[in-house]
Amino acid sequence: MRRLAATTSLAMVVAAMARADGVDVAIPAEIKPLLTTHCVDCHEGARAKGGLDLERALAAGACDEGMLRALRRRLARRDMPPATETVRPSDAEYRAAVGAIDAVCAPVAREVPAVRRLNRAQYAGAVRDVFGFDADRVRELLPRDEIGEGFDTTAATLALPPLLVEKYFDAAERVAGECVLPATRERRQQVSPEKLERNGQGGTYDGVAWLATMGALGARFDAPYAGRYRITFDACAQFAGDALPELEASVDGRRIASAAIQAAADTAQPVVIEVALDAGPHVARARFTNDFYDPKNPDPKRRDRNLGVARVLIEGPLGPTPDSDFERRAQAIAGDGADGERLRRVAAAIGEECFRRPLAREEVDALAATAIAAAGAQAAFDAQLRALVTALLVDPRFLLRVEAVPQLAAGNGHAALSGLELASRLSFFLWSSVPDAELRRAAAAGELARPDALRAQVRRMLADPRAASLSQRFATQWLGIDGLEAKQIDPVLFPGVDAALLASMRRETELLFDEVVRGARPVRALIESRNTRVDARLAAHYGLAQPSAANAWSEREIAPDRGSGVLGHASVLVATSNPTRTSPVKRGKWVLQAMLDDAPPPPPPGVPQLPERADEMKGRSMRELMAMHRANPDCAACHVKMDAIGLAFESASADGRVHAGADDATELPDGSILRGVRGVGDMLAKNRAFERSLSRQLLVYALGRGTADADDALVDGLAARLADKGEFAVLVEEIVLSDAFGTRIARGSRDRVGQEPIPCVNR
């Protein structure tokens, strides 16, 4: 059954490729012995598996070009003949066969479009580094990007439709308004008596909220910015006894002042306080502290002492607005002179950072003229500067990454990127941001054309805090935990798992990957490490000792029954589970896809899903249900290996906790036994599949495109180098120094380039 499914799958791929090409080519003599020895037994004559008759093709000495390319793809992946066969070609035979086919049919290459949009993370990183605006707040202003080839860096998905252009205009105005602040940010907020929160007896009538007993009236409000605020309580009173009603004013429970209220009910006495507040929600309260009641007083108006509040007015922040960091920087760049010339200096300097290249004089003049026209010729310099920031942030030269398509010249059909283009590729790869001054300087000086200088820049950039984008963007997408905080977990079955805990789970994985990026750990620590970092919530979830300080992340040794590295991280275990139960299918697929770079194809249509809840399983175990699922021939080819790997994780529940007594020993198609998740780790330790997967995935993320046949040798070389050195920085260096990263295919080249969608800027 397994062999039939595997050969049928191969036949389907070959048939599809044959239809796509439709040109006959000679079968290389070098691969005929391999096909005869290892393939023809299953693929000959009328009973050829999947209808693929290799015997006839060998007899004819030729086959469809698509068939030959499909054979090459399977040989390159070493998945033909099936893994269950005991006699298989050697690595040298596989490489020789692939090389022989490449000599007949040039391997298909892929090229990233010459124009692509910044993705949301790159936009946010650029705005942070150029304008000093918080990157998390920028990301909230824009929609999430589509995913292609597993990542949001894939150029084919980075279109610029009109609706997104509108979002960019909104974001630009928001950023500009907070980077170049108005002379004052004071605003007035009023809380009416009907909206005051009452603690005590009383009522609201005739426009006044009354307290008939001791208690308080509270006004909730948001301070938009940190600063000093003025709060006014318009108070009045009803009188009794010898003392006046006392109003105690407080903010967030802190007593600020008190006042005796002399104003009668038809007037108002302002009680004014000033207080320094942080940005965010606050509550101001007027407390009545000296209630008095004399029902026998002959004057009915003097029998009951009550306190009333007609309005609470909040004004602030008070005084002139201090300049932002960006304003101070812009003022230093602008220098002295007429405002127009000062604005041009800022446009030239900031424009170079945004556009990733020096600006021509006419470009600077046009930017300054646009800003002056938008703000008004008589507007103050800060208003024109604000308009300039808006113009820069919606300019296509900022939003789009554009690379020149070279003309064919002598050589191998590839042409090197310019120094500035290479600098942009490098900074968006490692930092998700624009090149800094040092990288632009090196590019302009031609230093990036030298491998030693390029390696030095890579090492410098990986040591920079901005390289955290690799753990926050690449690693989370590669491992399938991006957006984990939004994962839906059944609150009845797993009441302790909330968004905050899910965020801690994700952060645990980011911290491990970040140590690998910085060189503090080897790459294989990702699957071999026996310690981790946890905060208080995650430590409690795992049953580990609490960190000594609140909000701290402390290193802890993990329990012996938990998987090593990310194999035991709750982030991965939760992401690969269903809301109510574990999912061996998802976990097995995750290992194949992320760890082994051997993602199974999508399931055929109409295949029923496994039951979700225990009461739907009709007394059957998960193993029994999955065995029934594999009985379907359409499912067996993929599930036989995927299920075996996934079931090895059954000791970990859907919330990432480990429980004893689970049956997690499974058998792989080749007869080897996986003994739990530790067995999965042992399997990964036996070959370079993990290094190849990490290498290919990082290459895809760096290039912004999927790989193709022409990249096989590069990926194999990257994996071999990584396995030899074990250092993440070495992998990055090899990617950056490769032709795939540093060149473009020239127009008119004979390279067979696969179709790559071009992002549309007006779709």
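Descriptive notes on the structure:
- Qualifying residues in region 542-589 (those that are small (Gly, Ala, Ser) and within 22 Å of the chain's Cα centre (by Cα)) - the one surrounded by the most Cβ atoms within 10 Å (Cβ to Cβ): 570
- Every listed requirement among (1) among the hydrophobic types (A, V, I, L, M, F, W, C); (2) over 25 Å from the mean Cα position of the chain (by Cα); (3) at pLDDT below 90 is met by residue 761 save one, (2).
- Any hit, region 376-398, residues being under 33 Å from the mean Cα position of the chain (by Cα) and assigned to a loop (DSSP other than H, G, I, E, B): yes
- Residue within region 128-144 that is in a loop (DSSP other than H, G, I, E, B), surrounded by fewer than 22 Cβ atoms within 10 Å (Cβ to Cβ) and basic (Lys, Arg) present: yes
- Each residue in region 192-226 was checked for being closer than 30 Å to residue 174 by Cβ, modelled with pLDDT of 95 or more and out of contact with any Lys or Arg (no Cβ under 7 Å at 6 or more places or on another chain), and 6 pass.
- Within this structure, residue 256 fails the test of being in contact with a Leu (Cβ under 8 Å, 6 or more places away or on another chain) and either surrounded by fewer than 18 Cβ atoms within 10 Å (Cβ to Cβ) or β-branched (Val, Ile, Thr) (or both).
- Residue, surrounded by the fewest Cβ atoms within 10 Å (Cβ to Cβ), within region 486-525, restricted to residues that are part of a helix (DSSP H, G or I), among the aliphatic types (A, V, I, L, M) and without any contact (Cβ under 8 Å) to a residue 60 or more places away in the chain: 486
- Qualifying residue in region 173-181 (condition: within 30 Å of residue 349 (Cβ to Cβ), free of Cβ contacts under 8 Å to residues at least 40 places away in the same chain and part of a helix (DSSP H, G or I)): yes
- Test result for residue 450, farther than 25 Å from residue 117 by Cα, without any contact (Cβ under 8 Å) to a residue 12 or more places away in the chain and either charged (D, E, K, R) or touching a helix residue (DSSP H, G or I) at 6+ places or on another chain (Cβ under 8 Å) (or both): yes
- Residues that are more than 27 Å from residue 277 (Cα to Cα) and exposed (fewer than 13 other Cβ atoms within 10 Å of the Cβ) within region 214-244 comprise 242, 243, listed in sequence order.
- Test result for residue 410, over 29 Å from residue 171 (Cα atoms), in contact with a Pro (Cβ under 7 Å, 6 or more places away or on another chain) and modelled with pLDDT under 95: no
- Being more than 30 Å from residue 690 (Cα to Cα) and out of contact with any Cys (no Cβ under 9 Å at 6 or more places or on another chain) is a property that residue 60 has.
The values are calculated or read from the model by the stated rules, or taken from the named source; none is laboratory data. A quick note: this is a predicted structure, and the numbers were derived from the prediction, not measured. Ideal geometry is used to build each Cβ from the backbone, glycine not excepted, and the neighbour counts take in all protein chains shown.
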